[in-house]
Amino acid sequence: AQKVTQAQTEISVVEKEDVTLDCVYETRDTTYYLFWYKQPPSGELVFLIRRNSFDEQNEISGRYSWNFQKSTSSFNFTITASQVVDSAVYFCALSEAEDSNYQLIWGAGTKLIIKP
Amino acid sequence: ETGVTQTPRHLVMGMTNKKSLKCEQHLGHNAMYWYKQSAKKPLELMFVYNFKEQTENNSVPSRFSPECPNSSHLFLHLHTLQPEDSALYLCASSRQLAGGSSYNEQFFGPGTRLTVL
């Protein structure tokens, strides 16, 4: 069963608009980690954030913010005042602490297109 | 060099060729990973090495053979591949704490774009 769902396959917005990428996860572990990665056209996956299950504080980093809600099993990512350079595929991932191999369970990704 | 490097960046090979992909991490990590990324598919974890020991082989065909000679280097040996093996192959590394919770964000290399003719 898929454990990380990114329902939005592709989103297209005009530059300077705000955009939210959704991520819903499923796990039975009480300790787990959630991640967001960015994959620009060059192909390299860039780590953006890690959040552990005990820390529900929202995070803000410049134009990026993350909303972690355990009640709805969601870890959404918002880009404020989007820029063309934000165009990429964004992946949400889950790691369960009971997995001794520390595997990341990946969502299918959301392709974000920022139009000038 | 910093981060995770992969060579070659692009590779075209015939089905009867033998080639190897190389990955090197300069982050002092102790776990390394091979992923396959095909168009319109989620990332597929292929192999995991923790402290140089292979700990995961996700039902990968034997035409893919990993090698981890030390904690900084990872190879993927390829032989008699099929056209459907054409994909982006990504290497990653992370720092794992033995026997406990882990700060396991993985850091990725730029990938090798493989085309099998």
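Shown here is the pair-distance distribution of chain A: with all Cα-Cα distances grouped in 5 Å bins from zero up to the longest one, the shares run 2, 12, 23, 24, 19, 11, 5, 2, 0 percent. Place a label point 7 angstrom from the Cα of A:V84 along the Cα-to-Cβ direction, then list the residues of segment A:1-42 whose backbone nitrogen is under 18 Å away. It comes to A:12-18, A:40-42, nothing else.
Counting only other chain Cβ atoms within 10 Å of each residue's Cβ, the peptide A:39-51 averages 4. The count of lysine pairs in chain A that are at least 8 places apart or cross chains, and whose C-alpha atoms lie under 26 Å apart, stands at 10. For the protein assembly as shown, the equivalent ellipsoid derived from the Cα gyration tensor has semi-axes of 30, 22, 15 Å, listed largest first. Cysteines in chain B that lack a partner Cβ within the 4.7 Å cut-off: B:C68. The residues of segment A:1-42 expose on average 57 square angstrom of accessible surface per residue, using a 1.4 Å probe on protein heavy atoms.
Of all lysines in the structure, those lying under 25 Å Cα to Cα from B:K19, and not within fewer than 8 positions of it along the same chain, are B:K36, B:K41, B:K52. Mean partner shielding of peptide B:42-50, defined as the number of other chain Cβ atoms within 10 Å of each residue Cβ, is 4.
Of all beta bridges that DSSP places with both ends in segment A:3-116, some 85 percent have antiparallel geometry.
Note: segment B:30-84, Cα convex hull, 83 Å³ per residue.
Here the peptides A:20-31, B:27-38 are ranked by packing, the mean other Cβ count within 10 Å, and the order with the highest first is B:27-38, A:20-31.
Karplus-derived 3J(HN,Hα) values for segment A:54-71, using 6.51 cos²θ - 1.76 cosθ + 1.60 with θ = phi - 60°, are 8, 10, 9, 5, 6, 10, 10, 9, x, 7, 9, 9, 10, 10, 9, 10, 5, 4 Hz; glycine and proline are entered as x. Carbon-plus-sulfur accessible fraction, segment A:1-85 (probe radius 1.4 Å, protein heavy atoms only): 46%. Per residue, the convex hull spanned by the alpha carbons of chain B comes to 100 Å³. For the peptides B:6-15, B:85-94, residues were scored by their other Cβ atoms within 10 Å and the scores averaged per peptide; the highest-first order is B:85-94, B:6-15. Projecting the Cα atoms of B:F51, B:H29, B:T7 onto the charge dipole of chain B (Cβ charges, centred on the Cα centre) puts B:T7 farthest toward the positive pole.
The distance separating the Cα centre of segment A:14-39 from that of segment A:59-91 comes to 7 Å.
Just checking the listed ones, A:F68, A:F77, A:F54: in the Gaussian network model of chain A with Cα springs under 10 Å, the one fluctuating most is A:F54. Take each residue of peptide A:24-33, count the partner chain Cβ atoms within 10 Å of its Cβ, and average: the result is 1. A convex hull fitted around the alpha carbon atoms of segment A:1-64 yields 127 Å³ per residue.
The values are calculated or read from the model by the stated rules, or taken from the named source; none is laboratory data. As the structure is a computational prediction, the values presented were derived from the model and not from experiment. Please note: Cβ atoms are built from the backbone with ideal geometry, for glycine as well, and neighbour counts cover all protein chains shown. The protein model used for the area step is the full one, side chains on, heavy atoms only, and it has no ligands, DNA or RNA in it. Shrake-Rupley method; radii C 1.70, N 1.55, O 1.52, S 1.80 Å.
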